[in-house]
Amino acid sequence: MLYPLLRNGLFLLPPETAHHVSMRGLQLASSVPFLKKQLAKTFQYQEKDLAKTCFGLHFPNPVGLGAGFDKNAAYLDELEMLGFGFVEIGTVTPKPQGGNSKPRLFRITDQKALINRMGFNNEGLEIIAKRLKERKENSASNLIIGGNIGKNKVTDNSEAWIDYCTNFKGLESVVDYFVVNVSSPNTPGLRELQEKESLRKIFSELQDLNKNNKPILLKIAPDLAVSALDDIIELTAEIKIDGLVATNTTIDRSLLTGLNIERAKKIGAGGLSGKPLLEKSTQVLQYLHKGIAGRIPIIASGGIFTGEDAQAKIAAGASLVQIWTGFIYEGPAIVKNICKSLSAPQ
């Protein structure tokens with residue numbers, strides 16, 4: 001009930017500043033045992049009826065947090081406290097990188113949307129892997145952690161597979177599954193890696209390393225032509241891809257309305273997320289689900305704010321759902337609210 005007021009205050013700050021302030025505040029609150037217990041009681045969905053197994057992993061509920069929110073695996077305890085069934089960290093790159101110049105994150109509040117051109121800013125594989133290892137050694141947590149992996153900006157596409165393999169080797173012992181991110185619009189040339197032969201090379205090399213059968217998923221853009229989606233569907237039958245994430249952010253500004261179209265032009269490059277992406281990403285999900293005929297699971301991402309949004313994704317073929325922009329606008333009760341809605345008789 002108080003979150004709209006808190007959000008209005010946070011929205012007076014630049015988006016990246018608001019993110020750090022809110023997560024630091026959550027860290028401080030959760031450092032007090034009594035408050036941590038109360039926050040968990042308030043925000044976690046405690047029932048077991050939505051638990052499910054995907055990719056051989058047990059998820060306490062199907063609502064996860066997409067990559068890009070906790071890039072450096074710095075807030076996993078706090079996010080678990082808020083009830084997420086799983087959290088995807090990253091995107092992680094082998095070497096640290098600062099990302100694109102600021103400002104690089106923009107709100108479009110009347111459409112509950114964001115535009116970002118962050119550029120895979122992260123502390124790099126070594127630091128993130130060390131943080132995850134220390135947490136694993138010192139925590140009894142059962143939180144499912146996904147590792148979203150990408151290439152460094154300076155790495156040529158012809159050698160991108162090396163970066164993905166480096167990430168895999170560095171994170172294999174500390175994450176539960178991987179997501180190959182070749183679909184961000186914010187690293188020059190990255191989306192070219194969604195072409196069939198590039199994907200075949202990356203996944204073939206990764207699966208050669210994957211002696212312990214760690215699930216490796218592919219995250220795709222919502223802007224692919226039908227022919228490219230067909231290529232991905234064919235590829236899932238040819239090589240071992242354990243699942244899909246549909247979808248990343250979009251470069252399609254026609255999803256915005258009115259003056260926001262002109263505002264987006266002034267903002268410039270970046271991926272659009274939030275409510276405007278809901279229908280487009282669901283259409284891609286539906287097409288992929290029909291094409292793979294249930295052979296592998298799909299995690300749905302894009303425009304999910306409510307239980308009804310999540311239910312629409314599941315009806316379109318998703319096994320799990322991820323939120324991101326919805327978390328910003330709806331606040332910390334979003335996981336519990338979605339879970340309660342999914343649990344209610346349809």
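The values are calculated or read from the model by the stated rules, or taken from the named source; none is laboratory data. On a predicted model such as this, the values are computed, not experimentally measured, just so you know. Ideal geometry is used to build each Cβ from the backbone, glycine not excepted, and the neighbour counts take in all protein chains shown.
Residue by residue, here is whether (1) under 23 Å from residue 115 (Cβ atoms); (2) polar (S, T, N, Q); (3) surrounded by fewer than 24 Cβ atoms within 10 Å (Cβ to Cβ) holds:
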site: 287; (1), (2), (3): no, no, yes
site: 290; (1), (2), (3): no, no, yes
site: 293; (1), (2), (3): no, no, yes
site: 303; (1), (2), (3): yes, no, no
site: 314; (1), (2), (3): no, no, yes
site: 320; (1), (2), (3): no, no, no
site: 324; (1), (2), (3): yes, no, yes
site: 331; (1), (2), (3): yes, no, yes
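In summary, residue 184 fulfils each of the numbered conditions (1) among the hydroxyl-bearing types (Ser, Thr, Tyr); (2) touching a residue at least 24 places away in the same chain (Cβ under 8 Å); (3) surrounded by fewer than 21 Cβ atoms within 10 Å (Cβ to Cβ); (4) more than 20 Å from residue 81 (Cβ to Cβ) with the single exception of condition (3). Just one of the numbered conditions (1) assigned to a helix (DSSP H, G or I); (2) surrounded by 24 or more Cβ atoms within 10 Å (Cβ to Cβ) is not true of residue 131: (2). Being assigned to a helix (DSSP H, G or I) and either at negative phi or at pLDDT 95 or above (or both), is that true of even one residue in the stretch 171-183? Yes, the stretch 171-183 contains at least one residue that is assigned to a helix (DSSP H, G or I) and either at negative phi or at pLDDT 95 or above (or both). Screening the stretch 213-242 for residues that are in a strand (DSSP E or B) and touching a helix residue (DSSP H, G or I) at 6+ places or on another chain (Cβ under 9 Å) and picking the one that is nearest to residue 173 (Cα to Cα) gives 216.
Out of curiosity, is residue 95 among the charged types (D, E, K, R) and in contact (Cβ under 8 Å) with a residue 12 or more places away in the chain? Taking the combined requirement at face value, the residue satisfies it. When the strands (runs of 3 or more DSSP E) confined to the stretch 6-75 are screened for residues that are aliphatic (A, V, I, L, M) and more than 22 Å from the chain's Cα centre (by Cα), none reaches at least 1 such residues. Does residue 168 meet the test of being within 21 Å of residue 77 (Cα to Cα) and either assigned to a loop (DSSP other than H, G, I, E, B) or in contact (Cβ under 8 Å) with a residue 12 or more places away in the chain (or both)? Judged against the criteria, residue 168 is not a match. Within the stretch 302-313, the presence of a residue that is over 17 Å from the mean Cα position of the chain (by Cα), in contact (Cβ under 8 Å) with a residue 40 or more places away in the chain and closer than 30 Å to residue 202 by Cα is excluded. Cβ-Cβ distances below 9 Å connect the following pairs, each with a first residue in the stretch 118-130 that is farther than 17 Å from residue 169 by Cα and modelled with pLDDT of 95 or more, a second residue that is part of a helix (DSSP H, G or I) and among the acidic types (Asp, Glu), and a separation of six or more residues or different chains: 118/16.
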